1. Collect residues whose amide H, placed 1.01 Å from N in the peptide plane, falls under 5 Å from the amide H of S71; neighbours closer than 5 in sequence don't count.
2. Order the peptides 326-332, 163-169, 227-233 from the highest to the lowest mean number of other Cβ atoms within 10 Å of their residues.
3. Return the calculated 222 nm mean residue ellipticity for the chain, to the nearest 500 deg cm²/dmol, obtained by summing -39500 (n - 2.57) across DSSP H runs with n ≥ 4 and dividing by the residue count.
4. Which whole-Hz couplings ³J(HN,Hα) result when phi for each residue of region 325-333 is put into the Karplus expression 6.51 cos²θ - 1.76 cosθ + 1.60, θ = phi - 60°, listed in order with x for Gly and Pro?
5. Would you mind computing, in nm to one decimal, how far apart the modelled labels at E490 and N87 are, each placed 7 Å from Cα along Cα→Cβ?
6. What does the C-alpha gyration tensor say about the overall shape of region 225-312? Classify as rounded when a/c is under 1.5, otherwise prolate if a/b is larger than b/c, or oblate.
7. Shape call for region 59-187 from the C-alpha gyration tensor, a ≥ b ≥ c root eigenvalues: rounded (a/c under 1.5), prolate (a/b greater than b/c) or oblate?
8. Please go through the residue pairs K24/K456; K396/K456; K65/K456 and name each one whose alpha carbons sit more than 18 Å apart in this structure.
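Bear in mind these aren't lab numbers, they're just calculated from the coordinates by the rules spelled out. Computed from a predicted model, the values in this text were never measured in an experiment. Every residue, glycine as well, gets a Cβ built from its backbone with ideal geometry; the counts of neighbours run over all protein chains shown.
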Amino acid sequence: MSILAFDLGASSGRALLGRLSDRKIEVEELHRFPNDPVKVGNRLHWDILRLYHEIKQGLLQAKHKGVKLQSMAIDSWAVDYGLIGRNGELLSNPYHYRDQHTDGMMEKVFRTIPRADIFGRTGIQFLQFNTIFQLAAHRQSNPAIFREADRFLMIPDLLRYFLTGEMMNEFSNATTTQLYNPRTGGWDAELLARLELPSSLFGRVVYSGTYAGELLPSVSDELGIGAVPVIAVAEHDTGSAVAAVPALDRSFAYLSCGTWSLMGTEVDEPVMSELALQLNFTNEGGVGHSYRLLKNIMGLWILQEMKREWDRAGISYSFPELVKLAQQAPAFGAFIDPDDPLFLHPGDMRPRIRQYCIQTGQQPPEQPGEIVRCILESLALKYRYVLLLTERLSGKQFNGLHMVGGGIQNELLCQWTANAIGKPVWAGPAEGSAIGNLAVQWISQGMFSDIWEARKVIRESFPVTIYEPAQLQAWEEAYGRFLSIAGLSE
Ligand code: ADP
Ligand code: LRH
């Protein structure tokens, strides 16, 4: 029996067919597609209907292979949403979280609701694009739409609704809105009221593994397939990625490495201490009511944008080519703090890297290899810093780091991460989110008793590449320089 996982990342989406036999997972990629945002006027949107179309294409691929699906599920990037009108239709095209409408919005909201109050209610880190700030910006620019709207759905909720006609809000994604209160186990009525958001928009929150309906007859007729049950998995892609970490030790550190780098550990209860607020760590909901104590690091986004810029200029490099150029460039030239707000919005990263370097008294990298090396070394050094904060905050000591996600195909980054943290990196699987998505579907079908059994089978089914730390002295010195350039202290 086969099941299907759709994993929509900020840069691309894929459909993976999964089969479980003799306690081995086999996956087959049925469909892969770019997820290109679309700029209209000054606003940046996701191409939501195209994504829905691609999901249908994935279902068609399964049909063409003669596969009868036992279930399917969708996970995607977090924080973004659509509003549904009273007639059941999507009222407007969802914004991309990198749209500029949230610039300055955090400070504006803090005037009504203090930062510590929001954190104390939600346990979520402050990122200007969190749904709470997007909704505040949206309400300010278009109050009328909130009078029209009947329901608020996150991206996977929305796509699942298109497929099944059923509206529900999945837990892992709901937590990323910064409007969900883990202590009361529901939407925070006080926050909604103070933001003047109608609480009726926010529906029933369901935990990962919930049966969420089946394909509408109109959808199965259109595709010429039978009824397929749809499961609400950990629909936040990072929740699914961490579900797939093949850890044997219950206390483990992870780095989900894609467009974003998400680093942290898993905890049973959210850590909502003063220190967590000060370090700006988050507590995102996960599988089996677990929480991910983690921090966002800007990740390979900066490299993606550089690549896009070179593509635009007609000098196309593949990711492996860029990695090779970085390898050939001199070590430890300039460093950036990848999390500087300069790098958040889309566009040409080259002048921003240049600006950062000049402001910090460094010679800016010029050649493509130097630029890529600067980005990758800086990421590895930032990982070391955040790993240390994770240890301090969780009170745990980690003897290595699990890396999952598309970024592990960058072997140089994996090796440099091991060098920077001075501990081994265990890399795999690359398709973490899609595999975590499959695993939760199987848990909901009783094929695994819990996530730990699933992780054991994932460990036995997919290779893990070990990177041992090297060149420790050189990386130690680089780290000291990085901290002072980035203005960070331990
Ligand atoms: P997301 O799910 O956020 O869209 P992925 O997990 O697919 O992201 O990871 C995409 C990133 O993986 C790219 O930005 C790129 O840096 C890296 N990557 C993908 N393929 C390769 C490759 N062949 N070699 C090196 N890096 C790669
Ligand atoms: C990674 C991710 C991350 C969020 C960001 C918006 O894809 O879901 O966990 O912070 O996208």
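1. Sorted by chain and number, the residues that satisfy this are L4.
2. The most tightly packed comes first, giving 227-233, 163-169, 326-332.
3. That comes out to -12000 deg cm²/dmol.
4. 4, 5, 4, 7, 7, x, 6, 6, x
5. About 6.2 nm, to one decimal.
6. Oblate, because a/c is 1.5 or more while a/b does not exceed b/c.
7. On the way: a/c = 2.23, a/b = 1.71, b/c = 1.30.
Because a/c hits 1.5 or more and a/b exceeds b/c, region 59-187 counts as prolate.
8. Going by Cα-Cα distance, K396/K456; K65/K456 fall outside the 18 Å limit.
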